[in-house]
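Please read the structure below before turning to the comments.
The values are calculated or read from the model by the stated rules, or taken from the named source; none is laboratory data. This is a predicted model, so every value here is computed, not measured. Every residue, glycine as well, gets a Cβ built from its backbone with ideal geometry; the counts of neighbours run over all protein chains shown. Only protein heavy atoms, including side chains, enter the accessible area calculation; ligands, DNA and RNA are left aside. Shrake-Rupley method; radii C 1.70, N 1.55, O 1.52, S 1.80 Å.
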Amino acid sequence: GVRAEVDRWRALPNPRDWKVSPETARLLQHWRQHRFAGPRPFFCQVEAAETAIWLTEVAPQSGKNAEKYLAHLDAASAHANPGLARLALKLATGAGKTTVMAMLIAWQTVNAVRHSQSRRFTRGFLIVTPGITIRDRLRVLLPNDPDNYFTTRELVPGDMLPDIER
């Protein structure tokens, strides 16, 4: 399945073979290899981000085998909400979904800022929460929050932080 495809892709040693933008390659290397001062992202968090990246940037360039996954997701989205493409990632309680959201926001935003003509990337996000308490906890996803994860968790290389702030 998709997990096996992402595993094979992750194992490619040369970033030029990853079929992603230079910005995405840099973020992937950062998440995989950076010496974090605090907790580093868990493998499951990086894997979740990698899966979204693979489906968005890699699969469309990867031929028939990958096309079946994209066709399945397109059909499911069309059935559930015509005209609205959706992708869901399931992570267990305590897996760090907020960190994954920050990683996905960083990936999309940096690419959207640096590739403004691309339709694959966005700078706008809608986060729906079940209540005020959760909404307040997710303020760490706001780049202007002093405790934002992009800076405090070192999820973005320093030279990419201005892109996040945009």
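For the reader, a short list of remarks on this structure follows.
- Taken over the range 79-94, residues that are of a type in the set (A, V, I, L, M) and either within 13 Å of Ala52 (Cβ to Cβ) or at pLDDT 95 or above (or both) amount to 5.
- Any hit, the range 137-158, residues being open to solvent by 50 Å² or more (accessible area, probe 1.4 Å), among the hydrophobic types (A, V, I, L, M, F, W, C), farther than 22 Å from Val113 by Cβ and assigned to a loop (DSSP other than H, G, I, E, B): no
- Some residue of the range 22-30 being over 21 Å from Leu155 (Cα atoms) and of a type outside the set (A, V, I, L, M, F, W, C): no
- Within the range 44-82, the set of residues being open to solvent by 90 Å² or more (accessible area, probe 1.4 Å) and either in contact with a Leu (Cβ under 9 Å, 6 or more places away or on another chain) or of a type outside the set (S, T, N, Q) (or both) comprises Lys64, Glu67, Lys68, His72, Asp74, His79, Pro82.
- Pair list, Cβ under 7 Å, 6 or more apart: the range 136-155 residue free of Cβ contacts under 8 Å to residues at least 24 places away in the same chain, other residue among the aromatic types (Phe, Trp, Tyr): Pro143/Phe150
- Verdict on Asp147 being acidic (Asp, Glu), out of contact with any Lys or Arg (no Cβ under 8 Å at 6 or more places or on another chain) and modelled with pLDDT of 95 or more: no
- Against the conditions (1) in a loop (DSSP other than H, G, I, E, B); (2) touching a helix residue (DSSP H, G or I) at 6+ places or on another chain (Cβ under 8 Å), Ala106 satisfies every one except (1).
- Matching residues, the range 1-45, being closer than 24 Å to Ser118 by Cα, in a helix (DSSP H, G or I) and not charged (D, E, K, R): Val6, Trp9, Pro15, Pro22, Thr24, Ala25, Leu27, Leu28, Gln29, His30, Trp31
- Looking only at the range 97-119, and only at residues there that are of a type in the set (Gly, Ala, Ser) and at pLDDT below 95, the one that is surrounded by the most Cβ atoms within 10 Å (Cβ to Cβ): Ser118
- Just one residue in the set Arg26, Arg3, Arg10 is touching a residue at least 24 places away in the same chain (Cβ under 8 Å), over 18 Å from Met160 (Cβ atoms) and open to solvent by 70 Å² or more (accessible area, probe 1.4 Å); that residue is Arg3.
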